[in-house]
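Asker: My questions will all concern the structure given below.
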Amino acid sequence: MNKKLESIKEKALQEINSSKDENSLNENYRKNFKELSSVFSQMGDLSSEEKKAIGVKANEIKQLVTRAFEEKKETFVKEKKDNSSFFDITIPGKKTKIGHLHPITQAINEAENIFRGMGFSLVEGPELEDEWHNFDALNFPADHPAREMQDTFFVKSKNKKLLMRTHTSPVQIRYMKTHKPPYRIIVPGRVFRNEATDASHEVNFYQIEGLMIDKEISVANFKAVIEEFCRAFFGQDVKIRLRPSFFPFTEPSFEVDMSCSECKGKGCSLCSQTGWLEILGAGMVHPNVLENSGVDSKKWQGFAFGFGWDRWIMLKYKINDVRLFYNGDLRFLNQF
Ligand SMILES: [Zn+2]
């Protein structure tokens, strides 16, 4: 009996250790364990002393075989784990979702390209401005309504009176103070007004400001530049007209209308049946503004203009609510 147990042990250990994979290991273990268990059923003729000795030995062998089985199994598990770090480069990848530029930024880039083609360069300035750059330097009188608390976001500060800029024009002043004429710049940027929000008003919106100063710049130059821009941006033969207006920082000042892009001037709901769309304010830069910026108004002259950029994009894409630009709704943004 003892010999038989020994031979079962040898065979079981040998088979377990030489198993090629997990399946054959399980099979070898099951087979040898069964054989070992059958020894117990053959102990009927033995004396109780012998039964006890054989029982102890058989149990020892069982434990030995089971340990060998578990150790071998462990090596297969580890192998499998090592193999799983293999990276199959032929598996198709998961597409990463990426965003895109905001429609306002896209349109600013488009405008920049068009103006660059006419020799303008892009300049930016601070959104938190001081009162002098935002109002005084631009020839706003001390009692101008825009300076009142209810129209403008003033910011508490110790020294200068600071505010969230109400237009991009202060950047003209900053640029002229630090650069020598001639100038051809555009200034895109965010501006802030204390407005009640509705479909056509927001507390913050975008402007694109333009400035061209040289020795012999006239309204005719302005008209040519703006007409060229409108045609390039709307991709069609649009007409331009100027109407007299008033701004503190330009003299003369005018509002600019573009022939309606929707009805081509025939009259529709977009243009309130007039055939014209109001697109920007502009004018010849006031001599006071030039002097405030350190530019000799006897030698230099030119024009400035400012687009309400949100409205301009709304016209192009027929968007009926300015708030769509700022509420982060992807159903809207993903259309651009
Ligand atoms: Zn129209």
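The values are calculated or read from the model by the stated rules, or taken from the named source; none is laboratory data. Since we're looking at a predicted model, the values are computed, not measured. Methodologically, a virtual Cβ is constructed for each residue, glycine included, from the backbone with ideal geometry; neighbour enumeration extends over all protein chains shown.
Asker: Restricting attention to segment 45-65, report how many residues are touching a helix residue (DSSP H, G or I) at 6+ places or on another chain (Cβ under 8 Å) and part of a helix (DSSP H, G or I). First the steps, then the outcome.
Answerer: Step one: of segment 45-65, the residues touching a helix residue (DSSP H, G or I) at 6+ places or on another chain (Cβ under 8 Å) are 46, 54-55, 57-58, 61-62, 64-65.
Among the residues that remain, those that are also part of a helix (DSSP H, G or I) are: 54-55, 57-58, 61-62, 64-65.
Qualifying residue count, segment 45-65: 8.
Asker: Of the numbered conditions (1) touching a residue at least 24 places away in the same chain (Cβ under 8 Å); (2) farther than 22 Å from residue 188 by Cβ, residue 271 satisfies every one except a single condition; which is it?
Answerer: (1)
Asker: Here's another thing I want to ask about it. Spot the failing condition for residue 316; the list is (1) more than 25 Å from residue 166 (Cα to Cα); (2) within 16 Å of the ligand (Cβ to nearest atom), and only one is missed.
Answerer: (1)
Asker: What do you reckon, is residue 78 surrounded by 11 or more Cβ atoms within 10 Å (Cβ to Cβ), at pLDDT below 90 and within 53 Å of the chain's Cα centre (by Cα)? Walk me through how you get there before you give the answer.
Answerer: Details: surrounded by 11 or more Cβ atoms within 10 Å (Cβ to Cβ): no; at pLDDT below 90: yes; within 53 Å of the chain's Cα centre (by Cα): yes.
Answer is no for this residue.
Asker: Let me ask another. Quick test for you: out of 246, 222, 254, 233, pick the one residue that is more than 16 Å from the ligand (Cβ to nearest atom), surrounded by fewer than 15 Cβ atoms within 10 Å (Cβ to Cβ) and either touching a residue at least 12 places away in the same chain (Cβ under 8 Å) or among the aromatic types (Phe, Trp, Tyr) (or both). Give the steps one after another, and end with the answer.
Answerer: On the way: 222 fails: surrounded by fewer than 15 Cβ atoms within 10 Å (Cβ to Cβ); 254 fails: surrounded by fewer than 15 Cβ atoms within 10 Å (Cβ to Cβ); 233 fails: surrounded by fewer than 15 Cβ atoms within 10 Å (Cβ to Cβ).
It is 246.
Asker: Turning to a different aspect of this structure: For segment 257-272: of the residues being surrounded by fewer than 19 Cβ atoms within 10 Å (Cβ to Cβ) and charged (D, E, K, R), which is nearest to the ligand (Cβ to nearest atom)?
Answerer: Once the filter is applied, the top-ranked residue is 262.
Asker: Looking at this structure, is residue 190 over 21 Å from residue 254 (Cβ atoms), under 27 Å from the mean Cα position of the chain (by Cα) and touching a residue at least 12 places away in the same chain (Cβ under 8 Å)?
Answerer: On the way: over 21 Å from residue 254 (Cβ atoms): yes; under 27 Å from the mean Cα position of the chain (by Cα): yes; touching a residue at least 12 places away in the same chain (Cβ under 8 Å): yes.
Here the answer is yes, as residue 190 does meet what is asked.
Asker: Which one of these does residue 38 not meet: (1) hydroxyl-bearing (Ser, Thr, Tyr); (2) under 60 Å from the mean Cα position of the chain (by Cα); (3) assigned to a helix (DSSP H, G or I)?
Answerer: (2)
Asker: Among what's in segment 276-326 and is part of a helix (DSSP H, G or I) and of a type in the set (A, V, I, L, M), pick the residue that is farthest from residue 115 (Cα to Cα).
Answerer: Only one residue fits best here, namely 324.
Asker: Further question: Looking at segment 115-139 only, could you name the residues that are part of a helix (DSSP H, G or I) and over 25 Å from the mean Cα position of the chain (by Cα)? Give the derivation first.
Answerer: Going residue by residue through segment 115-139, those that are part of a helix (DSSP H, G or I) are 115-117, 131-134, 136-138.
Across segment 115-139, the qualifying residues are 117, 131, 132, 133, 134, 136, 137, 138.
Asker: Somewhere in segment 234-254, is a residue under 16 Å from residue 120 (Cα atoms), over 26 Å from the mean Cα position of the chain (by Cα) and either assigned by TED's automatic domain parsing to the domain that holds residue 300 or not in a strand (DSSP E or B) (or both)? Reasoning before the result, please.
Answerer: So the first thing to find is which residues in segment 234-254 are under 16 Å from residue 120 (Cα atoms), and the list is none.
Scanning segment 234-254, I find no residue that is under 16 Å from residue 120 (Cα atoms), over 26 Å from the mean Cα position of the chain (by Cα) and either assigned by TED's automatic domain parsing to the domain that holds residue 300 or not in a strand (DSSP E or B) (or both), so the answer is no.
Asker: If you scan segment 140-172, which residues turn out to be outside any loop (DSSP other than H, G, I, E, B) and either in contact (Cβ under 8 Å) with a residue 60 or more places away in the chain or at positive phi (or both)?
Answerer: In the first step, residues of segment 140-172 are kept if they are outside any loop (DSSP other than H, G, I, E, B); the result is 145-147, 154-155, 162-164, 170-172.
If the condition is that a residue be outside any loop (DSSP other than H, G, I, E, B) and either in contact (Cβ under 8 Å) with a residue 60 or more places away in the chain or at positive phi (or both), then 172 is the only one that fits.
Asker: Sticking with this structure for a sec: Considering each residue of segment 41-75, count those that are within 60 Å of the chain's Cα centre (by Cα) and not aromatic (Phe, Trp, Tyr), and give that number.
Answerer: If we filter segment 41-75 for residues that are within 60 Å of the chain's Cα centre (by Cα), which is where we start, we get 67-75.
After this cut, where a residue has to be not aromatic (Phe, Trp, Tyr) as well, the list is 67-68, 70-75.
Summing the residues that are within 60 Å of the chain's Cα centre (by Cα) and not aromatic (Phe, Trp, Tyr) in segment 41-75 gives 8.
Asker: For segment 1-18, give me the residue count where each residue is among the hydrophobic types (A, V, I, L, M, F, W, C) and outside any helix (DSSP H, G or I).
Answerer: So in segment 1-18, the residues among the hydrophobic types (A, V, I, L, M, F, W, C) come out as 1, 5, 8, 12-13, 16.
Subset that is outside any helix (DSSP H, G or I): 1.
Number satisfying all stated conditions: 1.
Asker: Hey, another quick one. Identify all residues within segment 70-112 that are of a type in the set (S, T, N, Q) and not in a helix (DSSP H, G or I); write none if there are none.
Answerer: 85, 90, 96
Asker: Among the residues of segment 327-336, write down those that are at negative phi and outside any helix (DSSP H, G or I). Talk me through it step by step, then tell me what you get.
Answerer: So in segment 327-336, the residues at negative phi come out as 327, 329-336.
Once the filter is applied, which keeps residues that are at negative phi and outside any helix (DSSP H, G or I), segment 327-336 yields 327, 329, 334, 335, 336.
Asker: Suppose we keep only residues that are more than 16 Å from the ligand (Cβ to nearest atom) and touching a Lys or Arg at 6+ places or on another chain (Cβ under 7 Å) within segment 273-298. Which one would you say is farthest from residue 103 (Cα to Cα)? Steps first, please.
Answerer: Pass one, segment 273-298, residues more than 16 Å from the ligand (Cβ to nearest atom): 280-298.
The next check asks that each one be touching a Lys or Arg at 6+ places or on another chain (Cβ under 7 Å); those that pass are 293-294.
Numbers: 293: 34, 294: 37 Å.
The extreme case among them is 294.
Asker: What about residue 214, is it at pLDDT 95 or above and surrounded by fewer than 18 Cβ atoms within 10 Å (Cβ to Cβ)? Please lay out each step first, then the result.
Answerer: Details: at pLDDT 95 or above: yes; surrounded by fewer than 18 Cβ atoms within 10 Å (Cβ to Cβ): yes.
Yes.
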